[in-house]
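The values are calculated or read from the model by the stated rules, or taken from the named source; none is laboratory data. Keep in mind that this is a model prediction, so the values were computed, not measured. All Cβ positions, even for glycine, are placed from backbone atoms using ideal geometry, and neighbour counts span all protein chains on display.
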Ligand SMILES: C[S@@+](CC[C@H](N)C(=O)[O-])C[C@H]1O[C@@H](n2cnc3c(N)ncnc32)[C@H](O)[C@@H]1O
């Protein structure tokens, strides 16, 4: 079991919104990432200090997560996206089915975001790679959006990414 | 779920004269093939420029990592191949993540630098975003509201509409509108963080929580087009060095069939009795002083032309005079005193005016106050209201 899962703050996060969709349907159109992130961002930002800009930031971050699940997910099962709030932070829980080698990959990518050399890795990937790897997308969230990312246990074949985004503090 | 009409189309453009390559809108491609044309355009731009290439991302609303990496790759490669050119990436303080994301490129190649364009971008900014204006704005709105409250319905204000107040200042206008007319949605935008903070406090004080105050540049807004029934912009066209550019933005965010409502002054027409000549001299000088800082406080009567040129139809123009007899004469006097502080105490000094000039300049404001408080006096401040409908 993931140690972070027992974090005491967990209980104080209040649910804002939850969306579920057949993974097959989600994967049928790339634009679902953009549409869902725009839509969810607007709804959850309406009572933030600067709703327009909070929504812009949140949509940026959520879109990357959805793109990650689009590229790494497999078509059988459900994708679920839930957003919670605690103080100045939103928590996104994104659950989606993926193959077991992807699970391994994700757990490495997540732990890379917490390593001391995260920025160096991120810069290295911008200066060398032509297209970003999923690894880099998570680093981008950690570096540019101050995200804290972990994996939560969920029943195979699904995985759950838990991403805390302290955007209110960055936006206003 | 429909997001029709919500997304801003992506655009890449290159202007060879200004050596500026700009990206705007939302770009979230699945693969770089989708933006291959834009990538080639950037490469071609790099081949054409000498010295420096500006990459303008002020209005880049969304860009995913796929697109970012693709564009970054081209620029980073060019740094190797073309040590003779510099790259200046122009970001905005409004979309903060672009500044962070593009900022990393400088850590990789010092030839690439980042400029936040709106940290100092319009000539009168230091005066206009100055917090010493805050108390005056509040009294001003209180005085103009007595008139506008009955004028607004003639310009399309009604309950249930969606509205935006652009350059909202301390936001008390929208609070008054909310109480009086109950629009369904209000977005209020300004580029002064201090004013917005004040605005949120004022709204909270009235128990109003659903006004969306947002930080932004009125001439480069992130708001999607065609979404508001009513767009107001009060006393602000007149402080922009390019009022037509601002008006084009107000037009863009307005729904077809909706109305844009602007109020402006003609400062040289402020008046008072007694001592009318001294008052008139000073306000003529106010107009000249503002034009020194590229602001046109004589704009009021020109608003019909501005609205026509911007493409509006069914233009309605009217004017009203705020006077010392409307309500509290002391309020009137307080506003004039505040104008004196900023215009004579700051702007005139900044222009480098002589002490003799400043003394005479101040005298006109003093005389205006004298007229306002005089038992038989009369003091006026004229305002022009104009609105136009965006064609369907
Ligand atoms: C003369 S005040 C008018 C404020 C308010 N509408 C009123 O009537 O009290 C002008 C306002 O425009 C804002 N402003 C100036 N330039 C701006 C820009 N580029 N974008 C957004 N707001 C701007 C200033 O911060 C200021 O609050």
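Considering (1) on the phi < 0 side of the Ramachandran plot; (2) more than 14 Å from the ligand (Cβ to nearest atom); (3) surrounded by 16 or more Cβ atoms within 10 Å (Cβ to Cβ), the lone condition that residue B:156 does not fulfil carries the number (1).
List the helices (runs of 4 or more DSSP H) that sit entirely inside segment B:312-392 and contain at least 3 residues that are under 24 Å from residue B:137 (Cβ atoms) and touching a strand residue (DSSP E or B) at 6+ places or on another chain (Cβ under 7 Å). Give the steps one after another, and end with the answer.
Working: elements: B:329-339, B:348-351, B:355-373.
Result: B:355-373.
Identify, from the list B:280, B:242, the residue that is surrounded by fewer than 18 Cβ atoms within 10 Å (Cβ to Cβ) and either touching a strand residue (DSSP E or B) at 6+ places or on another chain (Cβ under 9 Å) or modelled with pLDDT under 95 (or both). Give the steps one after another, and end with the answer.
Numbers: B:280 fails: surrounded by fewer than 18 Cβ atoms within 10 Å (Cβ to Cβ).
Among B:280, B:242, only B:242 is surrounded by fewer than 18 Cβ atoms within 10 Å (Cβ to Cβ) and either touching a strand residue (DSSP E or B) at 6+ places or on another chain (Cβ under 9 Å) or modelled with pLDDT under 95 (or both).
Pairs linking a residue in segment B:212-223 that is more than 9 Å from chain A (Cβ to nearest Cβ) to a residue that is within 6 Å of the ligand (Cβ to nearest atom) and at pLDDT 95 or above, with Cβ atoms under 6 Å and 6 or more positions apart or on different chains, are B:218/B:167.
A quick yes/no check of all residues on (1) more than 16 Å from the ligand (Cβ to nearest atom); (2) assigned by TED's automatic domain parsing to the domain that holds residue B:317; (3) closer than 19 Å to residue B:265 by Cα; (4) in a strand (DSSP E or B):
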{"site": "B:146", "(1), (2), (3), (4)": "no, yes, yes, no"}
{"site": "B:160", "(1), (2), (3), (4)": "yes, yes, no, no"}
{"site": "B:175", "(1), (2), (3), (4)": "no, yes, no, no"}
{"site": "B:203", "(1), (2), (3), (4)": "no, yes, no, no"}
{"site": "B:223", "(1), (2), (3), (4)": "no, yes, no, no"}
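If you scan segment B:42-51, which residues turn out to be loosely packed, with under 15 Cβ neighbours inside 10 Å and within 33 Å of the chain's Cα centre (by Cα)? Even if it seems obvious, please write down each step before you answer.
Of the residues in segment B:42-51, the ones loosely packed, with under 15 Cβ neighbours inside 10 Å are B:43-44, B:47-48, B:50-51.
Within segment B:42-51, B:51 is the sole residue that qualifies.
Each row is one residue, and each column tells you yes or no for (1) touching a residue at least 60 places away in the same chain (Cβ under 8 Å); (2) within 20 Å of the chain's Cα centre (by Cα).
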site: B:113; (1), (2): no, no
site: B:126; (1), (2): no, yes
site: B:130; (1), (2): yes, yes
site: B:134; (1), (2): yes, yes
site: B:145; (1), (2): no, no
site: B:148; (1), (2): yes, no
site: B:153; (1), (2): no, no
site: B:158; (1), (2): no, no
site: B:164; (1), (2): yes, yes
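From the set of residues in segment B:225-277 that are within 16 Å of the ligand (Cβ to nearest atom) and part of a loop (DSSP other than H, G, I, E, B), which is farthest from the other protein chains (Cβ to nearest Cβ)? In this case the residue turns out to be B:270. With respect to the conditions (1) within 14 Å of another protein chain (Cβ to nearest Cβ); (2) outside any helix (DSSP H, G or I); (3) over 20 Å from residue A:37 (Cβ atoms), residue A:122 lacks only one, and its number is (2).
Considering segment B:364-392, the residues that are under 25 Å from the mean Cα position of the chain (by Cα) and closer than 21 Å to residue B:147 by Cβ include one that is surrounded by the fewest Cβ atoms within 10 Å (Cβ to Cβ), namely B:382.
Listed conditions (1) within 14 Å of chain B (Cβ to nearest Cβ); (2) in contact with a strand residue (DSSP E or B) (Cβ under 7 Å, 6 or more places away or on another chain) are all met by residue A:91, apart from (1). Of all residues in segment B:60-97, those satisfying the criterion of being in a loop (DSSP other than H, G, I, E, B) and buried (at least 19 other Cβ atoms within 10 Å of the Cβ) are B:64, B:92, B:94, B:95.
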